[in-house]
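Novice: Take this structure first; my questions come after.
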Amino acid sequence: MENSYKYVLLTILTLSVFVLAIVELTGISSNSIFRKYKGGGEGAFYSKDGEVYRGEIYPEQTKTRSQIVAEMSKTTMQFYETKFNFGSLIAGKVVTHVFKFKNTGQNPLMIAKTDVSCGCTTPNFPLEAISPGNDGEITIVYNSEGHSGFQQKNIIIHSNAIPEAVSISIEATVQ
């Protein structure tokens, strides 16, 4: 009697797993039913640039920031300064400088990405588009830890402006 009880439980468990597998593989789960009849999926998804998507992610939503900026109308930008010298720094000091720029064109300006010549340099740029005639800022944080002597760090800003890439730089003498 005890053995037959074990066989019945084992059979029920096996059939349950089998039914769950069939339901998931055929798309009859609650998520697929919800998507079919309610027009979207459940949950929130986050892109690399922090944008929140709710429901299903469609192919047009997976474009990279660089692709989106490349498809924008061209504009022009002008930096108020392209080089900044921090002067003498003690090794290990972290310093910050803000580079200001203006959208001098007729279309919105958006920065796609920045390239740096050293991991010790961190640029922070606006994620939203800068309207024509308005100013924007790029904050550069430089960590002098592990450096000595004269240092020059270049930051290349990629945008929908002409030219597509503009270089700014910071300098310091680290003691």
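The values are calculated or read from the model by the stated rules, or taken from the named source; none is laboratory data. What you are looking at is a predicted structure, and each value in this text was computed from that prediction instead of being measured. Cβ placement follows ideal geometry from the backbone for every residue including glycine, while neighbour counts extend to all protein chains displayed.
Novice: Consider Gln78 carefully, then state whether it is of a type outside the set (Phe, Trp, Tyr) and assigned to a strand (DSSP E or B).
Specialist: Numbers: of a type outside the set (Phe, Trp, Tyr): yes; assigned to a strand (DSSP E or B): yes.
When the stated conditions are applied, Gln78 passes them.
Novice: Another question about this same structure. Exactly one condition in (1) at pLDDT below 70; (2) assigned by TED's automatic domain parsing to the domain that holds Val166 is false for Thr82; which is it?
Specialist: (1)
Novice: Scanning the range 127-138 for residues that are under 17 Å from the mean Cα position of the chain (by Cα) and over 23 Å from Phe86 (Cα atoms), which turns out surrounded by the fewest Cβ atoms within 10 Å (Cβ to Cβ)?
Specialist: So in the range 127-138, the residues under 17 Å from the mean Cα position of the chain (by Cα) come out as 127-129, 138.
Pick out the ones that are also over 23 Å from Phe86 (Cα atoms) and you get 127-129.
On the way: Leu127: 11, Glu128: 9, Ala129: 19.
Only one residue tops the list, namely Glu128.
Novice: Report, by residue number, each residue of the range 141-165 that is among the charged types (D, E, K, R) and part of a loop (DSSP other than H, G, I, E, B).
Specialist: Glu145, Glu164
Novice: From Val69, Val116, Val95, grab the single residue that is modelled with pLDDT of 95 or more and surrounded by 13 or more Cβ atoms within 10 Å (Cβ to Cβ).
Specialist: Of the residues listed, the single one that is modelled with pLDDT of 95 or more and surrounded by 13 or more Cβ atoms within 10 Å (Cβ to Cβ) is Val95.
Novice: Which of the residues that make up the range 139-164 are within 22 Å of the chain's Cα centre (by Cα) and without any contact (Cβ under 8 Å) to a residue 40 or more places away in the chain?
Specialist: Asn154, Glu164
Novice: Here's another thing I want to ask about it. Considering only the range 139-160, how many residues are farther than 16 Å from Lys93 by Cα and not hydroxyl-bearing (Ser, Thr, Tyr)?
Specialist: Total meeting the criteria: 6.
Novice: Now for a different question. Tell me whether the range 22-36 contains one or more residues that are at pLDDT 70 or above and not basic (Lys, Arg).
Specialist: Residues of the range 22-36 at pLDDT 70 or above: 22.
Of the ones still in play, those that are also not basic (Lys, Arg) are 22.
Scanning the range 22-36, I find at least one residue that is at pLDDT 70 or above and not basic (Lys, Arg), so the answer is yes.
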